[in-house]
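Here's the structure, in structure tokens; my notes come after.
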Ligand SMILES: Nc1nc2c(ncn2[C@@H]2O[C@H](COP(=O)(O)OP(=O)(O)O)[C@@H](O)[C@H]2O)c(=O)[nH]1
Ligand SMILES: [Mg+2]
């Protein structure tokens, strides 16, 4: 990203493309006000006050009536002069306005994530907060929203920064002695170093041992429906999805691919996966489907074992297996005379009549909450954070208090640097690219 010179003024549609009541455009940089003049707006804008303006094309034709806002540097999202235009959300207006801005002096279309990147470079957001912002824009569930708002607000950054500071303090004290090898290091300094290292090791271990709930909240939990052919797996998927996502048929071997349906349960994002019925018979394609079903179930957060309540042979086989974590669900209660007595707990449903589905959702809710709701919200919400903290832990574990002072300082420095990657306190360019390239244009 060598072309991301901050000298140029950038613009983009900030709202979603398409037809809408209102569209919002953002222009950031020294030429932002000039761009406005280029659009035929000559009256000066008062800072942060909405003004009705008439936008014109470079040829002088009426473009749209809009609201314009001016945020003078440094009190803006990017820290630069920012102009925001609220136009009518029409495809034609958007096209004409973007064309007009393209011709404005010193202006160019923003790259993906470039506004947020400038906000980061101006110190308005740290890296973890910028990720929180991206997560908030992407959030679809209550849990994703809560996590993103926390991260954007800086709660995660604060915790990470406290860890980094805890090691920077002894480091600063020790570094002072490197240049004075004849001076004896006071016992208090050495004790502080040892206690900080021990405490950091303990805290990093605890933060890493979080059941990956931050990542799971963002990416969603996998729930896999597994069971013999014709148990009603596809029917169950459809009733949970509230639509005909999978083909239902009395013919065994109908579902062969994995069918994934995103949904929300207990405020969490969930991917519900329907699979090929497990059986020995069937062709090569079905066998491959069964192999995929088993692989996916092995990686799942929760497996839902579904049986036909009348399928006594399958139920006997299930009882004979080693106890498996997951929920056992018996389907087609509408055809059963009575609930069977079995050596394992189960739920009885009918995917045909909907009986027992509420109880099943309650059971799933309970499982998800038990899996996801810890007392303290996670600090790690992406793989990038996990890598950084794991790297810091590996470094601090190598730490030897009897090593030469230069080496001790180097290890402490490396540890602080690894932790600092999360907030970008010691960020290298490739980390920046990794974070901001995932944004879309206009963010
Ligand atoms: N009576 C009754 N039939 C069901 C129920 N659930 C599914 N079926 C029927 O069982 C057959 C197999 O269903 P399907 O969902 O394709 O099963 P899968 O092979 O496990 O995916 C279809 O004919 C469904 O209509 C149920 O709760 N009651
Ligand atoms: Mg099926």
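The values are calculated or read from the model by the stated rules, or taken from the named source; none is laboratory data. All values derive from a computational prediction rather than experimental measurement. FYI the Cβ positions are ideal-geometry reconstructions off the backbone, even for glycines, and counts take in every protein chain you see.
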Q. Name the pairs whose Cβ atoms lie under 7 Å apart, with the first residue in the range 243-270 and under 21 Å from residue 217 (Cα atoms), the second part of a loop (DSSP other than H, G, I, E, B) and away from ligand 1 (no atom under 14 Å from the Cβ), and 6 or more positions between them or separate chains?
A. 262/220; 264/141; 267/141; 268/141; 269/140; 269/141; 269/220; 270/220
Q) Given the conditions (1) over 36 Å from the mean Cα position of the chain (by Cα); (2) more than 16 Å from ligand 2 (Cβ to nearest atom); (3) surrounded by 12 or more Cβ atoms within 10 Å (Cβ to Cβ), and given that residue 179 satisfies all but one, which numbered condition is not satisfied? A) (3)
Q.
Going by what's in this entry, would residue 276 be described as surrounded by fewer than 18 Cβ atoms within 10 Å (Cβ to Cβ) and either assigned by TED's automatic domain parsing to the domain that holds residue 239 or more than 16 Å from ligand 2 (Cβ to nearest atom) (or both)?
A. no
Q: Would you point out the residue of the range 231-243, among those that are in contact with a helix residue (DSSP H, G or I) (Cβ under 9 Å, 6 or more places away or on another chain) and away from ligand 2 (no atom under 12 Å from the Cβ), that is farthest from residue 310 (Cα to Cα)?
A: 240
Q: From the list 389, 364, pick out the single residue that is in contact with a helix residue (DSSP H, G or I) (Cβ under 6 Å, 6 or more places away or on another chain), part of a helix (DSSP H, G or I) and modelled with pLDDT of 95 or more.
A: 389
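Matching residues to (1) on the phi < 0 side of the Ramachandran plot; (2) within 16 Å of ligand 1 (Cβ to nearest atom); (3) over 39 Å from the mean Cα position of the chain (by Cα):
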residue	(1), (2), (3)
277	yes, yes, no
285	yes, yes, no
307	yes, yes, no
324	yes, no, no
329	yes, yes, no
339	yes, yes, yes
342	yes, no, yes
351	yes, yes, no
Q: Determine whether residue 198 is within 30 Å of residue 419 (Cα to Cα), more than 16 Å from ligand 2 (Cβ to nearest atom) and assigned by TED's automatic domain parsing to the domain that holds residue 349.
A: no
Q: Would you confirm whether any residue within the range 332-343 is closer than 12 Å to residue 232 by Cβ and without any contact (Cβ under 8 Å) to a residue 24 or more places away in the chain?
A: yes
(Q) Regarding the range 104-115, can at least one residue be identified that is surrounded by 15 or more Cβ atoms within 10 Å (Cβ to Cβ), outside the structural domain of residue 26 (by TED's automatic domain parsing) and part of a loop (DSSP other than H, G, I, E, B)? (A) no
(Q) Taking the conditions exactly as written (surrounded by 20 or more Cβ atoms within 10 Å (Cβ to Cβ) and in contact with a strand residue (DSSP E or B) (Cβ under 8 Å, 6 or more places away or on another chain)), does residue 396 satisfy them or not? (A) no
Q. Would you say residue 158 is closer than 30 Å to residue 369 by Cβ and out of contact with any helix residue (DSSP H, G or I) (no Cβ under 8 Å at 6 or more places or on another chain)?
A. yes
Q. For the range 185-217, which residues satisfy the criterion of being crowded, with 21+ Cβ neighbours inside 10 Å and under 30 Å from residue 274 (Cα atoms)?
A. 214, 216, 217
Q: State which residue is nearest to residue 301 (Cα to Cα) when the search covers only the range 370-386 and only residues that are part of a helix (DSSP H, G or I) and at pLDDT 95 or above.
A: 383
Q | Every residue from the range 227-275 that is within 14 Å of residue 297 (Cβ to Cβ), in a loop (DSSP other than H, G, I, E, B) and more than 8 Å from ligand 1 (Cβ to nearest atom) | A | 258, 275
Q | Those residues of the range 304-338 which are more than 16 Å from ligand 2 (Cβ to nearest atom), under 16 Å from residue 364 (Cβ atoms) and surrounded by 12 or more Cβ atoms within 10 Å (Cβ to Cβ), in sequence order | A | 326, 327, 328, 330
